[in-house]
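J.: To start, I am sharing the structure in question, which I have written as structure tokens.
The values are calculated or read from the model by the stated rules, or taken from the named source; none is laboratory data. Remember, it's a predicted structure, so these values are computed and weren't measured experimentally. With ideal geometry, Cβ positions are generated from the backbone for all residues, glycine too; neighbour counts draw on all protein chains shown. SASA here: full protein model, heavy atoms, side chains in, ligands and nucleic acids out. Shrake-Rupley method; radii C 1.70, N 1.55, O 1.52, S 1.80 Å.
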Amino acid sequence: MAAVRRFAAACCLLAPVVALLWVPWYAREGPALAGVPFFYWYQLAWVPGCALGLLAAYLLTRRRPDP
């Protein structure tokens, strides 16, 4: 079970890395959001996404105190 939790945590940490390093995926202007080109708002949308991924990875890998 611990291996599954570590794998899930690794996926939570790897998703933003892959999504942001694969630049051809988001290197375009449209669709714009409130006049902001896609290139910028896509990256900014990943800021809270990364925070949530880090929180999920932490919760999956933290050690619980022994009773």
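J.: With the requirement that a residue be open to solvent by 100 Å² or more (accessible area, probe 1.4 Å), more than 29 Å from R5 (Cβ to Cβ) and of a type in the set (F, W, Y), what does region 35-67 give you?
T.: Y40
J.: What are the pairs with Cβ atoms under 8 angstrom where one residue, in region 17-34, is open to solvent by less than 100 Å² (accessible area, probe 1.4 Å) and the other, located anywhere, is in a loop (DSSP other than H, G, I, E, B)? Sequence gap at least six, or different chains.
T.: Listed pairs, sorted by first residue: G30/P37.
J.: A follow-up question, please. For region 1-16, which positions are within 16 Å of the chain's Cα centre (by Cα) and open to solvent by less than 70 Å² (accessible area, probe 1.4 Å)?
T.: Within region 1-16, A8, A9, A10, C11, C12, A15, P16 meet the criteria.
J.: Here's a follow-up. Given the criterion touching a Lys or Arg at 6+ places or on another chain (Cβ under 7 Å), in contact (Cβ under 8 Å) with a residue 40 or more places away in the chain and aliphatic (A, V, I, L, M), identify the matching residue among L54, L60.
T.: Answer to the check: L60.
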